[in-house]
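Working notes for the structure below.
The values are calculated or read from the model by the stated rules, or taken from the named source; none is laboratory data. Note that the coordinates shown come from a computational prediction; the quantities given were computed from them, not determined experimentally. Heads up, the Cβs are rebuilt from the backbone with ideal geometry, glycines too, and the neighbour counts pull from every protein chain shown.
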Amino acid sequence: MKKTRKLIAAAAALGALTTFSVAEAGLITEWDQSLVVPRTPTNIADPGFVFDQYNYVEPGYLTDPITGAVSAGGFMPSGWAKYTSGSGAIYNPAGTLVGAMTWKERDTQGPGLSIVNGDDVTGDNCIMSAGWNPDSTVVLDADGNDITQMSDWWGIDKKQCSDPFQSSKRFKMVSYVLDAPVDLTFNVQDNGQVDTYRLLMKYGNQTGSRVTGFTMQVGFLDAGGNFTEAGPGDGLAFSARNGAAYDYTVPITSDIMKQGELDALQAHGLFGAPDQHHTSYGYFNPYVRATFLMTANQTHIVASDMSAVHTDLFGEWLPSNQLKGGLYFDADGIIYTDNSLMASCPGNFDEAAGQTGLVSADCDQACVDNLGCDAPWVTYRESVTITANADGTWNIPPVVGTDIRPPVTLTAAELDLIKANPAWSAADIDDLANVNINAFLNVGSLPAGNFTLRVTPTFDATTAVTEPGTSGPAEFIVTIDAPNTVTP
């Protein structure tokens, strides 16, 4: 049974928004994957089982190696896909690997991105992840109790813009090379009306370098692979939620827009106060969300000025190979759900050493004994003492803001209890390398039958904020080869 949600009211038109009017409009039909190469996924539970990179499954085509169930049609079963991280390598026209489309959750499948025209609840359009709605197959008993089993989790409804909050709606794109654009090209056909698409996107920094911001542009690639940003009459425009296009010359900034309309947000679990979607407080700051400032014109958006709540702790935006470490508690015993961040490593962290207990070049025995951290673990919570409730839930100590009390160092006894409990694990704080992007795009009558969304990560040493403990922004720049496998 598909869940619904109320359609969020459109924002009032702002002074710098302009009317977008064309004789004909464009319906996005597909993501052009000419420069995308599917790669062998990681973490497959059964290495002998071949993962189908694309999301539609013919009847009887797939057998779940865990449950033995056979697909009856629709989408891949989640019983094994939940252990899999897939990716499609994105190349530029010159053949250089510059980024990837990735997916990981049990209800998302390759190629990682889908186009929704006319949401089955709201009628909205969006560009989002590929897969199925995880709430689409709920089995109730005679008393209305949810008795859904793993074998029931077969995709019935394709993902829609209006699917429930935290149902893996965002497509996940990463950049591998600083200053190198990653292009997503979309094929379009005219349909005689203006179409507005919401971008439900997660963007990851896998460049190996700190990033001070990024640009998003809409335009066109010619036959030689040359990109030209769209002009005011070319049928493309970033817009507000209500479809009012941003002005071509006078910018709008995200700090005067509603959340969900123009954003580049870090995960709420790290920074932010409770809101309509979140009941808990962010671990590092329980009051303020960490965001980039988005400055939007009609055909481009510039992200800059990461919030001080982030830069005061970490400096500029971290890449995936320089992540901070965390101690997590798994409250439900389910591997693919989010765990609670309970403590953090203020020094250098080696995830592999912390999880395997093996000494590495970056983590000596003392570091290994300290779960991969070369400094004492600290917590921003009241404590790391978790107590059980009679109903099987847990009491997680609340976060304490640093204006009230600095983070507290864990004791040796607390660390010993954590080591002895398999519900705890040491791992990278992955979301520090990701931002959730919200934006809207009008598609109209185009010069050609397609357009390109270009995203470019940037680093400006003249404006960069130094991470505490480093000597200056120059230390942020790291040169690495683009990875061959995706970092989930």
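Look through THR466, THR470, THR487, THR456 and report the one residue that is modelled with pLDDT of 95 or more and polar (S, T, N, Q). After applying the criteria, what remains is THR456.
For region 413-462, a residue qualifies if it is surrounded by fewer than 16 Cβ atoms within 10 Å (Cβ to Cβ), in contact with a strand residue (DSSP E or B) (Cβ under 7 Å, 6 or more places away or on another chain) and more than 30 Å from GLY225 (Cα to Cα), and exactly one does: ALA423. Regarding region 359-379, can at least one residue be identified that is under 28 Å from GLY272 (Cα atoms) and either of a type in the set (Lys, Arg) or without any contact (Cβ under 8 Å) to a residue 24 or more places away in the chain (or both)? No - not one qualifying residue is present in region 359-379. Which condition from (1) under 16 Å from GLY354 (Cα atoms); (2) of a type in the set (S, T, N, Q); (3) in the same structural domain as THR207 (by TED's automatic domain parsing) is the one that ASN450 breaks? Evaluating ASN450 over (1) under 16 Å from GLY354 (Cα atoms); (2) of a type in the set (S, T, N, Q); (3) in the same structural domain as THR207 (by TED's automatic domain parsing) leaves (1) as the failure. For region 145-153, the criterion of being at pLDDT below 75 and crowded, with 19+ Cβ neighbours inside 10 Å is met by at least one residue. In region 290-313, the residues that are within 18 Å of ALA433 (Cα to Cα) reach residues that are part of a helix (DSSP H, G or I) with C-beta atoms within less than 7 angstrom, at least six apart or across chains, in these pairs: ALA290/VAL309; ALA290/HIS310; LEU293/SER254; LEU293/ASP255; MET294/SER254. Filtered by the rule that a residue be more than 26 Å from the chain's Cα centre (by Cα) and in a strand (DSSP E or B), region 332-377 gives SER360, CYS363. The number of residues in region 350-375 being touching an Asp or Glu at 6+ places or on another chain (Cβ under 9 Å), under 18 Å from GLY469 (Cβ atoms) and surrounded by fewer than 18 Cβ atoms within 10 Å (Cβ to Cβ) comes to 1. Can you say whether TYR287 is surrounded by fewer than 24 Cβ atoms within 10 Å (Cβ to Cβ), in contact with an Asp or Glu (Cβ under 9 Å, 6 or more places away or on another chain) and assigned by TED's automatic domain parsing to the domain that holds ALA230, as far as the supplied structure shows? Taking the combined requirement at face value, the residue satisfies it.
Consider LYS202 carefully, then state whether it is crowded, with 19+ Cβ neighbours inside 10 Å, of a type outside the set (A, V, I, L, M, F, W, C) and modelled with pLDDT of 95 or more.
So LYS202 fits the description; yes.
I need the full set of residues from region 160-187 which are of a type in the set (Val, Ile, Thr) and not in a strand (DSSP E or B), in order please.
Of everything in region 160-187, just one residue is of a type in the set (Val, Ile, Thr) and not in a strand (DSSP E or B), namely VAL177.
Exactly one residue out of LEU236, LEU265 is farther than 17 Å from ASN442 by Cα, modelled with pLDDT of 95 or more and out of contact with any Gly (no Cβ under 6 Å at 6 or more places or on another chain): that is LEU265. If we keep just the residues of region 331-349 that are surrounded by fewer than 17 Cβ atoms within 10 Å (Cβ to Cβ) and at pLDDT 90 or above, which is nearest to ASN285 (Cα to Cα)? Out of the qualifying residues, it is GLY347. Considering (1) of a type in the set (A, V, I, L, M); (2) in the same structural domain as ALA240 (by TED's automatic domain parsing); (3) modelled with pLDDT of 95 or more, the lone condition that ALA273 does not fulfil carries the number (3).
Rundown of residues vs (1) among the hydrophobic types (A, V, I, L, M, F, W, C); (2) out of contact with any strand residue (DSSP E or B) (no Cβ under 6 Å at 6 or more places or on another chain), yes/no style:
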position	(1), (2)
MET294	yes, no
VAL302	yes, no
ASP305	no, no
THR311	no, yes
SER320	no, yes
TYR328	no, no
CYS345	yes, no
ASP350	no, no
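Tallying residues that are crowded, with 20+ Cβ neighbours inside 10 Å, more than 21 Å from the chain's Cα centre (by Cα) and of a type in the set (Phe, Trp, Tyr) within region 221-265 yields 1. Of the residues making up region 360-402, not one is among the acidic types (Asp, Glu) and at positive phi. Taken together, the residues in region 178-190 that are surrounded by fewer than 22 Cβ atoms within 10 Å (Cβ to Cβ) and closer than 23 Å to SER320 by Cα amount to 4.
Among the listed residues ALA420, ALA412, ALA439, ALA388, which satisfies the condition of being assigned by TED's automatic domain parsing to the domain that holds LYS104 and among the small types (Gly, Ala, Ser)?
None of the other options fit; the residue is ALA439.
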